[in-house]
Structures are given as structure tokens and as C-alpha cells.
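Just so you know, all these numbers are worked out from the coordinates, no wet-lab data involved. Predicted model only: the values in this text are computed from it and were never measured. We place every Cβ from the backbone using ideal geometry, glycine too, and count neighbours over all the protein chains shown.
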Amino acid sequence: MRSTRHCMRKVERLVSGANRPAPEAFAELVRSNSKLIYKMSLRILKNHSDAEDNLQNVLIKAYNNIHRFEGRSRLSSWVVRIAINEALMKIRKRRLADTVRRIEAATQDQNCEALKIEDARPDPEHQCIANDLAAKALRSLSPPSRHLPSLQS
């Protein structure tokens, strides 16, 4: 355990403030964090090949952005945060691609009804009419009774 901490401190010193990490420091970063990045990616993506792809993307991103590491946290925390963000972005892209495929399939069938998306918000015209009716109903009440509905809400 002590040797792992010692190696991580050494890596953090070698990469802090550097535009590009020293090759031996980056090799140690890869060696000491790959398993953690892979496990975190697999937990989020639930697919081995996607987790492997994410691991590669994270290591490339870490290498290219090491100059942004400020040293306010452990380097492993910074790399894991990159892994989480990359995995979540991959899920978002996957969902978007699925939605696009469904829309394309619906338009190929010439069934444009599938493209109509209902707005869950109240219809403004109906809302205006309902407000007018409520106002008229309140005006028809005797003055002392007009305050009762507002007190109950």
C-alpha cells in the first residue's frame, strides 16, 4: 500500500504543471489507474468493449489535458472524473443515435403521425378561457364569499 502511495505522489509531482507528462510518469499513471478507470467505465456502460474504448479515450484525454490538472485533488480522482464524464457522454450519444434511428424509420414508412410529439403543457387558449371563467365565477359571488376560494388553496 505504501509503495502505491509513494508511486502516485511521484507521478503527481512529475505531471503537475507540465504541458506534457514525462513518459515514465505517464506510464505509471496508466499502470496505476487503468484498472480503476476500466471498472468505473464498465459499471456505467455495462459493456466490456465500450469500457475498453472509454479507457483508451480517458487516457488520451488525460495525456492531452494534463496541463489542466491543478493538484487540488489526487491525480487518480481527476482521471476517474474524466472517465465518468466520458462514459456519461457515450450514453447520451447512444440515446441520441437511437432516437435518430427511430425517427428515420418512422419517416421511411411515410407514417408522419409518429413524428407528432405532444406538448404536456396546458393549451394557452384553454388556459385563458379557464382563467376568464374562474374570474367571472368569483365576480358572481357575494363580496365576503370571494375570499373563500383563495383562502382554501
Given a Förster distance of 30 Å, the FRET efficiency implied by the Cβ-Cβ spacing of LYS93 and GLU125, rounded to the nearest 0.05, works out to 0.20
Ranked output for segments 25-37, 60-72 by mean other Cβ atoms within 10 Å, highest leading, reads 25-37, 60-72
Calc'd 3J(HN,Hα), the range 59-66, phi into Karplus 6.51 cos²θ - 1.76 cosθ + 1.60 (θ = phi - 60°), Hz, glycine/Pro = x, comes to 5, 5, 5, 5, 4, 6, 10, 4
If R0 = 41 Å, then SER32 and VAL100, at their Cβ-Cβ distance, give a FRET efficiency to the nearest 0.05 of 0.55
